[in-house]
Every structure is written in structure tokens, then in C-alpha cells.
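Following: one structure in C-alpha cells, then a few remarks.
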Amino acid sequence: MSVWRCPVCGGIFTEDSRSLVCAKRHTFDRARSGYVNLLPVNHKRTKDPGDNALMVQARRRFLSKGYYKPLSDALCRIVCGYMPENGILLDAGCGEGYYTKNVCSALETARKTAEVYGVDIAKCAVDAAAKSCRSADFSVASIFHLPLGNGICDVMMSLFAPYCGDEFRRVIKTGGKMILVIPGEEHLMGLKRAVYDNPYKNQVQDYKLDGFNFLGAEPVKDEIFLDNAEDIQSLFSMTPYYYKTGREEHRRLEALRELKTEISFIILQYEKEV
Ligand SMILES: [Zn+2]
């Protein structure tokens with residue numbers, strides 16, 4: 001039986017080699033790469049929601065060079081620490097699966113048996129994730145309407161994605177863990193200094209969240225050096241500033257041939273309240 005739930009009626013699926021079918025005969029085919037598209041047409045605000053293919057490609061290229069490895073390593077250690085034997089892990093907003101894949105490898109190295117799932121609204125990102133990580137099961141869906149039953153996740157991780165409190169709380173077990181990664185205050189200050197006249201630090205919100213006990217916040221800080229324009233462009237296209245930046249700032253960025261910048265993240269850890 002599949003862990004996924006029918007996005008139309010909430011029913012459970014039976015699965016054959018190619019498709020998932022619920023009792024009401026709502027049918028969802030698996031793509032060639034193995035993911036299943038569970039996004040009902042009426043939940044799409046645009047034809048291709050989420051990150052586009054170019055953004056996914058840029059991010060995959062950038063991450064594959066290991067610039068964010070310190071974050072990935074810390075995340076893997078924390079997830080492995082929280083995962084119970086035979087537990088269920090969800091990556092909500094998994095993108096092209098860089099962290100999903102690394103966590104799968106870390107669990108394997110730690111000899112922990114787990115089921116790992118990834119959800120993202122961008123079809124091209126999920127397709128890339130399914131191709132690069134065969135140990136997890138991926139679906140295209142909104143993290144605001146997760147195609148999962150209540151209280152099934154032992155651990156849920158969500159990196160740089162919107163926080164969907166009610167929906168996250170619904171799918172996490174009582175006592176289950178939630179790991180959120182947010183940018184730290186100094187994240188990419190070097191990049192901002194190179195582009196903006198008046199760069200500002202990130203605002204870090206209060207850590208307290210309704211329905212969860214706060215367990216801790218682990219900072220991850222490093223400095224990275226990018227020695228080519230393509231990586232700099234890739235990094236910038238991954239940021240929320242990309243679309244809010246004027247032509248002059250884009251020109252400054254395009255002129256950069258190398259860049260040294262801080263990276264700074266906070267790994268927030270929570271437990272779902274009883
Ligand atoms: Zn159904």
C-alpha cells in the first residue's frame with residue numbers, strides 16, 4: 001500500500017507497476033523517472049507552478065559543487081539522530097532532491113531503515129529528484145495540501161520553503177520531529193554587498209511555533225568562494241532577491257567574475273505537542 005493519499009477524495013491507493021488508483025478509481029500514473037503527479041488541476045494557479053526548469057538546473061548545478069555541504073552535513077546528522085528505526089521521513093518542498101538524497105545516504109550509512117518521501121510543486125524539480133535519488137519516493141503536490149494521511153511522519157524536514165503550520169502539524173505524528181532550515185542573518189551578505197548600495201541583513205523571526213515544542217536551533221556558518229560568473233548567477237537565481245532586483249543591480253552582478261560570501265543557516269528543531 002502506498003503512503004500517498006488521493007488528492008481528490010483523500011482515499012488510500014492501491015498501486016501497480018505504473019499507477020496509483022483509489023477506491024473511487026481516481027488514477028495517477030507514475031512518470032518514467034518514478035515520481036507521481038498528485039497535483040489536482042484546480043490546485044494549480046499557473047500551468048507550471050513552482051520553480052521553472054532553468055532555476056532547477058541552476059540550483060542543481062550550484063549545489064552539486066558542494067557549496068552548501070556544511071548545511072547538508074549538519075542536517076543529515078540531526079535527521080539521523082531523530083529518525084526512529086523503520087520511521088517515515090518527509091521532505092516538504094524537496095526541490096531537485098539534493099538534501100533528500102544526502103539524507104537517504106546518511107541514513108543508509110547509519111544503518112537505519114527508513115521510508116523517505118519528497119514533495120514539491122515544481123514538476124521539473126521532482127523529475128530531477130526522482131532521477132537522482134532512487135531511495136526516496138517523490139510526488140508533485142502542494143505543501144499546503146500534502147497528499148498524506150494524518151500523523152504518519154516521524155520526522156519532517158523543510159528547507160527554505162513556506163511554513164504551513166496546520167498542514168505540517170496534521171501529517172506529523174504526535175511526538176514526531178519537525179526540522180526547518182531558514183537563512184541566518186548574515187546569509188549571502190557578500191553577494192548583497194556586491195549587488196546593492198544598501199544591503200540589509202535577513203530578519204530572523206521568533207522561533208516559537210503553535211502546536212510544537214521548540215527543541216533547539218543549530219547555526220551553520222561558513223564562507224564560500226565562487227571563482228566563475230556562472231556559479232554567481234546560479235547562486236543569485238536561487239535567492240528571493242532575483243526577481244526583485246533592478247536592471248542596474250543585475251548588471252553589477254553580471255560583471256562579477258569572482259565572489260566571496262558568508263553563508264549562514266539556522267536548523268530549527270521542533271517536536272509536535274501532545
Ligand atoms: Zn480518490
Exercise for the section: Those residues that are crowded, with 22+ Cβ neighbours inside 10 Å and within 17 Å of PRO240 (Cα to Cα), I need them from region 149-180; list them, please. Expected result: SER158, LEU159
Fill in the blank from the handout: With criteria (1) in contact with a Phe, Trp or Tyr (Cβ under 7 Å, 6 or more places away or on another chain); (2) aliphatic (A, V, I, L, M); (3) closer than 23 Å to GLU218 by Cα, LEU107 comes up short on (1)
Completion exercise
By my count, strands (runs of 3 or more DSSP E) wholly in region 7-94 with at least 2 residues that are surrounded by 13 or more Cβ atoms within 10 Å (Cβ to Cβ) and more than 16 Å from the ligand (Cβ to nearest atom) are 87-92
Practice task
Could you name every one of the helices (runs of 4 or more DSSP H) located completely within region 164-274 that has at least 1 residues being of a type in the set (Phe, Trp, Tyr)?
Solution key: 165-171, 229-237
Practice task
Collect the residues in region 98-151 that are of a type in the set (D, E, K, R) and under 19 Å from LEU71 (Cβ atoms), keeping them in residue-number order.
Solution key: LYS101, ASP120
Completion exercise
Cβ pairs under 7 Å, 6+ apart or interchain, first in region 89-115 and without any contact (Cβ under 8 Å) to a residue 40 or more places away in the chain, second among the acidic types (Asp, Glu), ordered by first then second residue, are THR100/ASP91; LYS112/GLU85; THR113/GLU85
Completion exercise
Residues in region 76-91 that are farther than 13 Å from ASP154 by Cα and within 12 Å of the chain's Cα centre (by Cα) total 0
Problem - Selection count, region 226-241, where residues are under 14 Å from ARG252 (Cβ atoms) and modelled with pLDDT under 90 - result: 1
Practice task
Identify, from the list ARG5, ARG60, the residue that is outside the structural domain of ILE266 (by TED's automatic domain parsing) and either touching a residue at least 24 places away in the same chain (Cβ under 8 Å) or under 21 Å from the mean Cα position of the chain (by Cα) (or both).
Solution key: ARG5
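The values are calculated or read from the model by the stated rules, or taken from the named source; none is laboratory data. Just so we're clear, the structure is a prediction, and the values are computed from it rather than from any experiment. Heads up, the Cβs are rebuilt from the backbone with ideal geometry, glycines too, and the neighbour counts pull from every protein chain shown.
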